[in-house]
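The values are calculated or read from the model by the stated rules, or taken from the named source; none is laboratory data. Everything numeric in this text was worked out from a predicted model, so none of it was measured. All Cβ positions, even for glycine, are placed from backbone atoms using ideal geometry, and neighbour counts span all protein chains on display. We work out accessible area using only protein heavy atoms, side chains counted, and drop any ligands, DNA or RNA first. Shrake-Rupley method; radii C 1.70, N 1.55, O 1.52, S 1.80 Å.
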Amino acid sequence: MRGADTWLHGALVTAGEGPEGVLARSLLAYHHIRTGWKIRSGYRAQHVSRDQFEEFHDYLRRAERLLIEAVGIDPSHTLGWHLRLMTARGLELGQSEAKRRYDRLAAHHPGHYPAQSQLLQQLCPKWGGSWEAVHGFADECRRTAAPGGLGAVITVEAHLEHWADLSDAEQHTYWWREGVLESLVEAAEGSVLHPGFERNLSWIRAHTQFAAAFSFSGQPLLAAPHFEALGDLTTEYPWDMISGQPDALWRRHADAAWAAAARKA
């Protein structure tokens, strides 16, 4: 947003060291992180230039300094630790440091889905992790999630990331690996399809991921309840993982799911 940097700096100057200062630091840090990631782009490292990386890291270091101040003032500040997971990944601080930051957040806010999603990214092989670590963490989130909570959604996110990283030939068989579909069904029933589920800021993303995973696995009937819950809403992720036209891909799979549900009825 044009002028946001100046406005946020001004807000920080007047905010002081109390709760308003914590929020001002976090919002300015978030602005720096968004700017940095936009410069870096979403491409793999080998397709990002040295100049892009230098500018990217410069913005993340600015954000990191602000966030250190924010969580120093309020060690339980959720947004601050959540954003520090993003800077840890971008600055390549490693798995141990990312887990340390996640643990600090989880000590105050267990089952925090956005932070779980950030740590999951860090655990992926593209950021120095492994699929064993990814699925182990997803299983832990699903086991410890409150009924109707979003922790189980990490399971579908893990499968989507793993599936997207495979070759075309491997993708065709991935969803039929032992336990994959069963874990997706269990995760959906324990989270967004649970009677105790309450819509929050992440509900559209959560339903979209299940709709996509069941669609990609050739299970339009299992995808139907998620498309029904979404209506005309969706997110670009994860459709944009495999298509430059995510809207068209969503529409094709949504139509297939609704047709499957109509046939069953």
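Residue count for segment 94-108 under the criterion of being open to solvent by less than 80 Å² (accessible area, probe 1.4 Å) and not small (Gly, Ala, Ser): the result is 5. For segment 58-68, indicate whether the set of residues that are among the acidic types (Asp, Glu), open to solvent by 40 Å² or more (accessible area, probe 1.4 Å) and either under 25 Å from Pro147 (Cβ atoms) or not in a helix (DSSP H, G or I) (or both) is non-empty. Looking for residues that are among the acidic types (Asp, Glu), open to solvent by 40 Å² or more (accessible area, probe 1.4 Å) and either under 25 Å from Pro147 (Cβ atoms) or not in a helix (DSSP H, G or I) (or both), one finds none in segment 58-68, hence no. The single residue among Gly129, Gly111, Gly148 that is part of a loop (DSSP other than H, G, I, E, B) and open to solvent by less than 20 Å² (accessible area, probe 1.4 Å) turns out to be Gly148. Within the span defined as segment 29-46, one or more residues are part of a helix (DSSP H, G or I), of a type in the set (Phe, Trp, Tyr), open to solvent by 70 Å² or more (accessible area, probe 1.4 Å) and closer than 24 Å to Lys126 by Cβ.
Among the residues of segment 184-216, the ones that are in contact with a Lys or Arg (Cβ under 8 Å, 6 or more places away or on another chain) and open to solvent by less than 10 Å² (accessible area, probe 1.4 Å) come to 1 in all. A search for C-beta distances below 7 Å between a residue of segment 233-246 that is without any contact (Cβ under 8 Å) to a residue 24 or more places away in the chain and any residue that is assigned to a loop (DSSP other than H, G, I, E, B), counting only pairs 6+ apart in sequence or on different chains, returns Pro246/Glu236. Here Arg100 fits the description: more than 17 Å from Lys126 (Cβ to Cβ) and among the basic types (Lys, Arg).
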